[in-house]
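Reviewing the structure listed below.
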Amino acid sequence: MSAELAFNRNADVDYGVAAEVAPGVRRVVANNPGPYTFLGTNTYIVGTDEVAIIDPGPADEAHLDAIARATRGQRVSHILITHSHRDHCDGALPLRQRLGGEIVAYGPTGTERGAIAPGLGDGFVDAAFTPDLPVSDGDTIKGRGFALDVLHMPGHAPDHLCFALIGQRTVFTGDHVMGWNTTVIAPPEGSMADFLASLERLAERRDKVFLPGHGGRIETPRRVVRAYMTHRIWREQTILACIDEGVGTIPRIVARLYAGLDADLKVAAALSVLAHLEFLAARSLVTAEGATEGLSACYVRAASGSGAAASS
């Protein structure tokens, strides 16, 4: 079992330009590149005379101008949000003020949001985000010339949605599956158990193309999903191996498993390890020693734990 995933980081981006990426689908990339956003947030325009806009991105005037230019002469019926992380949803309200359209998203989850690390609270989550139309798994969003099935896919975020374009076997996957990198799972915002269960659901589908929230289109969806799952199983086993060798704190596990990782991404790596440990603890395979918890805990094998580690 290998940890390596075949990422595609060769995408070309012409900021401000609406480029066709699938029949009836155009993409405008926001100029907000970074360690978690790759080249920027992808905004998708679905339809022709009447359109839906998926993930308007940040509240960036230049990006909103580009979306307005791309939809000139068209009616915007819906503004769809995959999840309420600011690089996806902050542009929703100003875009609605400009172009109209009903803001559609999962809505409040009633769960703790953000991540237990400095700078990862409201800095990347809009916990107060409320759509005009809350939707849930199994709903369908219809406009003249297009229809999108709603798939609730929690894991990266509790409110994460994917949208399946009916008739084209194309899914807009937001941050749930990306071709350029693995998805960040940062507790309590993220849940490894939910993420893997959502991947199982995607693996059962027969989609032809994924259009992610960052990076280029994914031409082999089921293969990529299975690779994601295999990678998580492998990572879980490497964490258990660390614990068996007495390396039981998250900083020491990160130092061993992510030695070559850029310093800017070490916090995300620590949170990912925490997500794995929470999932292992929920299955009685590990336990935290002492009164500490989260990133400061020391983990050991649980006395009652039995059976092989598995992420399914």
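Details
- Taken over region 144-155, the criterion of being open to solvent by 20 Å² or more (accessible area, probe 1.4 Å) and in contact (Cβ under 8 Å) with a residue 40 or more places away in the chain is satisfied by ARG144, GLY145, HIS152, PRO154.
- Filtered residue count, region 216-247, keeping only those that are open to solvent by less than 30 Å² (accessible area, probe 1.4 Å) and hydrophobic (A, V, I, L, M, F, W, C): 8
- Any hit, region 94-108, residues being assigned to a loop (DSSP other than H, G, I, E, B), surrounded by 14 or more Cβ atoms within 10 Å (Cβ to Cβ) and touching a Gly at 6+ places or on another chain (Cβ under 9 Å): no
- Which numbered condition ASP122 fails, given (1) at pLDDT 95 or above; (2) loosely packed, with under 14 Cβ neighbours inside 10 Å; (3) in contact with a helix residue (DSSP H, G or I) (Cβ under 9 Å, 6 or more places away or on another chain): (1)
- Annotation: of all residues in region 194-212 being of a type in the set (Lys, Arg) and either touching a helix residue (DSSP H, G or I) at 6+ places or on another chain (Cβ under 9 Å) or at pLDDT below 95 (or both), the one that is farthest from GLY24 (Cα to Cα) is ARG205.
- Test result for ILE185, crowded, with 19+ Cβ neighbours inside 10 Å, farther than 24 Å from VAL21 by Cα and β-branched (Val, Ile, Thr): yes
Okay, residues lined up against (1) touching a residue at least 40 places away in the same chain (Cβ under 8 Å); (2) among the hydrophobic types (A, V, I, L, M, F, W, C); (3) at positive phi:
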{"site": "GLY47", "(1), (2), (3)": "yes, no, yes"}
{"site": "ILE54", "(1), (2), (3)": "yes, yes, no"}
{"site": "GLY57", "(1), (2), (3)": "no, no, yes"}
{"site": "ALA62", "(1), (2), (3)": "yes, yes, no"}
{"site": "ILE81", "(1), (2), (3)": "yes, yes, no"}
{"site": "ARG86", "(1), (2), (3)": "yes, no, no"}
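- Among (1) open to solvent by 20 Å² or more (accessible area, probe 1.4 Å); (2) more than 19 Å from the chain's Cα centre (by Cα), the one test that ARG205 misses: (2)
- Residue list for region 258-292, filter: more than 19 Å from THR183 (Cβ to Cβ) and crowded, with 18+ Cβ neighbours inside 10 Å: LEU285, VAL286, ALA288
- Any hit, region 177-193, residues being in a loop (DSSP other than H, G, I, E, B), touching a Ser or Thr at 6+ places or on another chain (Cβ under 6 Å), at pLDDT 95 or above and among the small types (Gly, Ala, Ser): no
- The set of residues from region 65-81 being closer than 22 Å to CYS162 by Cβ and outside any loop (DSSP other than H, G, I, E, B) comprises ILE67, VAL76, SER77, HIS78, ILE79, LEU80.
- Qualifying residue in region 225-232 (condition: among the β-branched types (Val, Ile, Thr) and touching a strand residue (DSSP E or B) at 6+ places or on another chain (Cβ under 8 Å)): no
- Residue within region 159-171 that is of a type in the set (A, V, I, L, M) and closer than 22 Å to ASP126 by Cα present: yes
The values are calculated or read from the model by the stated rules, or taken from the named source; none is laboratory data. Small disclaimer: the values here were computed from a predicted structure and weren't measured. All Cβ positions, glycine included, derive from the backbone under ideal geometry; neighbour counts span all protein chains shown. For accessibility, only protein heavy atoms count, side chains too; no ligands or nucleic acids. Shrake-Rupley method; radii C 1.70, N 1.55, O 1.52, S 1.80 Å.
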